[in-house]
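Worksheet for the structure shown next.
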Amino acid sequence: MKKTLIPVLLFSFSLLTNSQVTLDYYLRKNITYNSSVPTPKQFFGHEIGEWHLTHDRLYYYMLELAKSSGRAIWEEYGRSYENRPLGQLIISSPENIKDLEKLRLDHISLCDPTVSGKADISKMPLFIKLGYGVHGNESSAQNASALVAYYLIAGEGKEIDDLLKNTIILIDPALNPDGMQRHSTWVNFARSLNNNTDPASWEFSETWPGGRSNHYWFDLNRDYLALQHPESQGRVAAFHKWKPNINTDHHETGANETFFFQPGIQSRNNPLTPADNQELTSEIGKYHEKYLNSIGSLYFTEESFDDFYVGKGSSYPDIHGSVGILFEQAGVRGHLRETPGGLLSFPFAIRNHFTVSLSTLEAGLKMKNKLLESQRNFYREALVLADKHTVKAFIFNEPSDNARVSEFINILLQHNIKLFRTGRDITKNGITYKAENSFIVPLKQTEYRFIRSLFEPVTEFTDSIFYDTSTWVLPLSFNLNCYPLTIQKEMEGITGSEVTSAPLPQGKLDSPENPYAYLFEWNEYYSPGALYFLQDKGLKTRVATESFVYDDGSLKKTFSPGSIIVPVSGQPVSGNDLDILMKKIVKDFGISVYGVATGMTREGIDLGSNKIMVLEKPSVAMIVGDGANSSDAGEIWHMLDTRFNIPVTMITSPRFGTADLNRYNVLIITGSPEISSAGLENIKTWNRNGGTIIGYESGNSWLAKSKFAEIEFVPAVTDKKKDGIYLNKPADSQVQQIPGSIFQTKLDLTHPLCYGYTRDIMPVFKSTNTVAKKDPNIYNNPILYTDAPLLSGYCTKENIERIKGTPFASVHGTRVISLYDNTNFRAYWYGTNKVFMNAIFFGQIIR
Ligand SMILES: [Zn+2]
């Protein structure tokens, strides 16, 4: 009986899956393959497209291919948060692979105008990077990479030999390994042996937060500029190491679409990108057209997506002398799915990505010399354009916060931007940039275009629609002093020594023997981490709510509101151990700590004043799961976990009915979670008993709806158009959007939400149309948009009118705090992070 059962089971299994797909479905017919190279099926035990490859299996196949052939090596360039390898399979002819380092060095010399003239382009290979699945749940991309690698390594004949002789191909099989692992696990485990094609099926409803994002739920295809994650840090380092001439970026879009390849919408291209980039992209597109025609796949090219935001995988290369190409395949997000255009299968989606990978390679081969010449010209032209540009250099500093300056410099250096210490003091706009703490970025360098993109505010646009944010001025996001030098004479003597690594913030412990208390200030970025560390050791800590001047003869210093006081007496550790802990926070967080000999101050409150308030250690909970906003929640989790070592308990909505909230004193709400009435009652009781609620972005609409606070919103701008034509309906509806723009706010520096800020104006990022009205209590709106708020980005006059004078942050009653806009956007808005940390630490003392 058993003997007959097994074959029957195997038969039904293969009949009812995608196993009718064979390798021939994908591969080109006129090519023979080296049988010593393992096919995907020999390695995985199933054909590509039958199941979703998990990241680990795809990675080991790449290693196996490298091992089996002299045509390839594997280069690891980093590790994801979950310690999965990030890397690329480098493929070329065996002769080129042997000579790889020399070819690489010759190639990158094209990007150095001082030597690039000597290069004989006709003898140089082209470098092509094929990148798959930066969004981890866009699986046809990563699964296609296995086929492309197999084709290039096993394929035989003149055509492939010619290609490999003239190109170095870098296959990055999975740009987001952690997201890929989540999604592939989901679709394989939710799959039935009989493919269920119903779009309502569980298989297509990936669980929150989905596999699109990385470990901390960030969209990695927005991080090429901010470089806050190991995946993009490694990838951009690899980009600058190899400077590939073509960079593909393979994605999936909605299931009801067809296939998209760039150029995209040309009017929305970033004006800093050179014109020939679009021409080259269009010319490469002719090859995609030919290849997709040959397999009969439908496609579109110029009506969607754009390369305005330069922090994406397809746009970052465009502003670095290369050509980036975005591909978007209709996503199955499962194995076989009904769509209005018919059944969409996973193998079909994979085949399209495989096919345009090949058309890209043919385009690269045919356009080799043109593409290399374009790269050489790009860097030559940068220096010429810099000479003509009005701005000669940007100077910047932030004397009150060494860590923020250090993190900022760290980003610039990763982008190959040259910067220097200033060689002398210079005063601009009332701010003195001292040689000891200021830096200068000259424009005349090869990254000229990218520097302008990072530093120059923009408020004029040719188009009113943006696929992503409309601005990303880095000195504003870091809230730094920054000034553009435009007069050549001012450049004299201003450039000091080159900065080759970000200066680490250096703190010091300045203390008498047997101090009475230790004090530290709140303006340094990492002060919250230091405070939490001490509180977690059980120390009693206090915060000054007014400023005072301490002066005992040896130390004279003004301490602002937000300064932390740690008395020596009454602590659970000895004076000696306390001293050791203080040394540790100086070292680990780069802050300065001052031991003081007495509780008496020269001016202002004394150290025993009741205006120096006792602090409880924050114990933070955050609602996650269905309804919560995963990118907001991920940014919060990432910041608390990776920068400040503060744990956050992430709780799903259904648990609130029974959860013991007394373990926590801070609760963060993003999005619109679905919480039962028992859960709401539980939270309200906890809030009345002293718990602080932080409503974050759209979480504030939820707070209003759930009656935690009375919040009124400013109505949206109504369209005044009297007539319109149907064709323009989508565009008209977007005119009044706020796609991500930078505004100025004014701070009440005496309010706990503003502790640690030294200037009373602050740039903020706003990317929603929601605008709240002020809380009626006049002391409860510590951060307000100014009367002329737009600093950079797109915003209509009507929306500016709506926004001005409204709150960026408010308090309602005592312990409900509204942060209406994003203080932690994409992890690079270091300038506004402190508002969020203040809500966590000081929400408890707001009266
Ligand atoms: Zn995508």
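Just to confirm my numbers, what's the Cα centroid distance between region 773-835 and region 172-251 in Å?
33
When the dipole is taken about the Cα centre of region 99-169, and only Lys, Arg (+1) and Asp, Glu (-1) are charged at their Cβ, what size is it in debye, to the nearest 20? Could you put the intermediate results ahead of the total?
Values: 7 positive and 10 negative charges, 28 e Å.
Dipole about the Cα centre, nearest 20: 140 debye.
Where does each of 82-89, 762-769 land if you order them by average Cβ count within 10 Å, highest first?
Output ranking for 82-89, 762-769: 762-769, 82-89.
Can you figure out the FRET efficiency of Ile487 with Arg688, using R₀ = 56 Å and their beta-carbon distance, to the nearest 0.05?
0.40
With label points built 7 Å along Cα→Cβ from the Cα atoms of Glu456 and Arg663, find their separation and express it in nm.
My value for the distance between the label points is 5.3 nm.
So, R0 is 60 Å and r is the distance between the beta-carbons of Lys797 and Lys67; what FRET efficiency does that work out to, to 0.05?
Numbers: r = 63 Å, r/R0 = 1.05.
After rounding, the FRET efficiency stands at 0.45.
Could you tell me the calculated FRET efficiency between Lys41 and Glu101, based on Cβ-Cβ distance and R0 = 41 angstrom, to the nearest 0.05? Walk me through the intermediate numbers first.
Working: r = 35 Å, r/R0 = 0.85.
In this case the efficiency is close to 0.75.
To make sure I understand, if each residue's beta carbon is the centre and we count other beta carbons within 10 Å, what order do Arg826, Arg452 fall in, fewest to most?
Details: Arg826 22, Arg452 19.
Fewest to most other Cβ atoms nearby, the residues stand as Arg452, Arg826.
Give the aspartates and glutamates whose C-alpha is closer than 16 Å to that of Lys444, dropping any in the same chain fewer than 8 places away, or say none.
Those aspartates and glutamates meeting the cut-off are Asp112, Glu381, Asp387, Glu456, Glu490, Glu492, Glu498.
How much length is gained on full extension from Lys508 to Asp463, taking 0.36 nm per residue of separation minus their Cα-Cα distance? The partial results should precede the final answer.
Numbers: separation 45, 0.36 × 45 = 16.20 nm, distance 5.10 nm.
Length gained, Lys508 through Asp463: 11.1 nm.
Students often get this wrong: which residues of region 451-492 have the backbone nitrogen under 17 Å from the point 7 angstrom along Cα-to-C-beta of Ala716?
465-466
Straight-line reach only, C-alpha to C-alpha below 20 angstrom: list the aspartates and glutamates that Lys41 could link to, leaving out same-chain residues fewer than 8 apart.
Excluding near neighbours in sequence, the set is Asp24, Glu50, Asp56, Glu64, Glu156.
Could you run the Karplus curve 6.51 cos²θ - 1.76 cosθ + 1.60 with θ = phi - 60° over region 667-684 and give me ³J(HN,Hα) per residue in whole Hz, x for Gly and Pro?
10, 9, 10, 10, x, 9, x, 9, 10, 5, 5, 5, x, 4, 4, 4, 5, 5
Measure off 7 Å from each Cα along the Cα-to-Cβ vector at Thr207 and Ser282, then give the distance between these two points in nanometres to one decimal.
4.9
Full extension from Glu616 to Asp723: what is 0.36 nm times the residue separation minus their Cα-Cα distance, to one decimal in nm? Can you show the working numbers first?
Working: separation 107, 0.36 × 107 = 38.52 nm, distance 5.93 nm.
This chain segment gains 32.6 nm when fully extended.
Just from its helices, what would the mean residue ellipticity at 222 nm be for the chain, if runs of 4 or more DSSP H residues each count -39500 (n - 2.57) and the sum is divided by every residue, rounded to the nearest 500 deg cm²/dmol?
Working: 24 runs with 269 residues, N = 847.
Mean residue ellipticity at 222 nm (helix-derived): -9500 deg cm²/dmol.
Cα-based Rg of region 727-847 per 2.2 N^0.38 Å, rounded to two decimals? Walk me through the numbers on the way to the answer.
Numbers: Rg = 14.9 Å, N = 121, 2.2 N^0.38 = 13.6 Å.
Ratio of Cα Rg to 2.2 N^0.38 Å: 1.10.
In the chain, what % of DSSP beta bridges are antiparallel (nearest 5)?
Values: 74 of 114 bridges.
Rounded to the nearest five, the antiparallel share is 65 percent.
Please turn the phi angles of region 349-365 into ³J(HN,Hα) values with the Karplus equation 6.51 cos²θ - 1.76 cosθ + 1.60 (θ = phi - 60°), one per residue in order, whole Hz, x for glycine and proline.
5, 5, 4, 4, 5, 4, 5, 6, 5, 5, 5, 4, 5, 5, 4, x, 5
Sorting check: for 98-107, 196-205, 725-734, which peptide has the highest mean count of neighbouring beta carbons within 10 Å, and how do the rest follow?
Values: 98-107: 13.8, 196-205: 16.0, 725-734: 10.0.
Top to bottom by mean Cβ count within 10 Å: 196-205, 98-107, 725-734.
Under the rule a/c < 1.5 gives rounded, and otherwise a/b versus b/c splits prolate from oblate, where does region 14-80 land using the Cα gyration tensor? Let's see the in-between values first.
Details: a/c = 2.49, a/b = 1.30, b/c = 1.92.
Verdict is oblate for region 14-80.
Quick one: 3J(HN,Hα) in Hz for region 170-184, Karplus 6.51/-1.76/1.60 with θ = phi - 60°, rounded, Gly and Pro as x.
Using θ = phi - 60°, the values come out as 10, 9, 9, x, 8, 6, 9, x, 5, x, 4, 5, 4, 5, 5 Hz.
At what distance in angstrom do the alpha carbon centres of region 136-154 and region 448-484 lie from each other?
36
Taking the Cα-to-Cβ direction at Lys707 and at Asp606 and moving 7 Å from each Cα, how far apart do the two end points lie in nm?
In this crude spin-label approximation the distance works out to 4.9 nm.
Take the cross-link list Lys243/Lys489; Lys508/Lys834; Lys508/Lys557; Lys118/Lys290 and give me the ones stretching past 26 Å between alpha-carbons.
Values: Lys243/Lys489 35 Å; Lys508/Lys834 22 Å; Lys508/Lys557 15 Å; Lys118/Lys290 36 Å.
The pairs that break the limit, which is 26 Å between Cα atoms, are Lys243/Lys489; Lys118/Lys290.
Filter the cross-link list Lys165/Lys370; Lys434/Lys540; Lys434/Lys556 down to pairs whose alpha-carbon distance in this structure exceeds 29 Å. Kindly include the intermediate steps, with their values, before the conclusion.
Working: Lys165/Lys370 17 Å; Lys434/Lys540 38 Å; Lys434/Lys556 22 Å.
Exceeds cut-off: Lys434/Lys540.
Where both residues lie in region 233-367, what percent of DSSP beta bridges are antiparallel, nearest 5? Kindly include the intermediate steps, with their values, before the conclusion.
Details: 7 of 16 bridges.
Bridges in region 233-367 are about 45 percent antiparallel.
Hey, what D do you get for the chain in µm²/s if you plug the Kirkwood alpha-carbon radius into Stokes-Einstein at 37 °C and 0.692 mPa s? Could the numbers behind the result be given before it?
On the way: Rh = 29.3 Å.
Calculated translational D: 112 µm²/s.
Read-outs: derived from the displayed coordinates by stated rules, not from any lab. Since the model is a prediction, treat every value here as computed from it, not as a measurement. Reconstructed Cβ throughout: ideal geometry from the backbone, glycine too, with neighbour counts over all protein chains shown.
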